[in-house]
1. Based on DSSP H runs of at least 4 residues, each adding -39500 (n - 2.57), what is the mean residue ellipticity at 222 nm of the chain after dividing by all its residues, to the nearest 500 deg cm²/dmol?
2. So, counting K/R as plus one and D/E as minus one, what does the shell of residues with Cβ under 15 Å around residue 17 add up to?
3. Report the normalised scattering of the chain as log10 I(q)/I(0) at q = 0.20, 0.27 Å⁻¹, calculated by the Debye formula with identical scatterers on the alpha carbons.
4. Can you give me the distance in nm between label points at residue 22 and residue 49, each placed 7 Å from the Cα along the Cα-to-Cβ direction?
Amino acid sequence: MNSSETFNLEKSLTRIRDIQSLLQEGNQPFDDSVGLFEEATQLINACRSYLLEAEVKLQKLSEK
């Protein structure tokens, strides 16, 4: 993701599901599967970071 792009949780989750389906089908060449796995891992990490940041923001708001 470029720094100019805004993170979109829903699109990322959809892409993760799409990758999961592709990998479960087993029709991808090995190198493509590795690339898809890497992409999914990056997206999962980005989602995790996004959700952790959102949790911190919500905790701060609830303290006010």
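1. Working: 2 runs with 51 residues, N = 64.
Rounded to the nearest 500, it is -28500 deg cm²/dmol.
2. Working: positive: 11, 15; negative: 10, 18, 25, 39.
Counting the neighbours of residue 17, the net charge comes to -2.
3. So the normalised log intensities are -0.82, -1.11.
4. Label at residue 22, label at residue 49, 2.2 nm between them.
Taken together, the values in this text are just the output of simple stated rules run on the coordinates, not laboratory data. Worth saying up front: this structure is predicted, and the values here are computed from it rather than measured. Quick reminder, even Gly has a Cβ in these numbers, built from the backbone with ideal geometry, and neighbours come from all protein chains shown.
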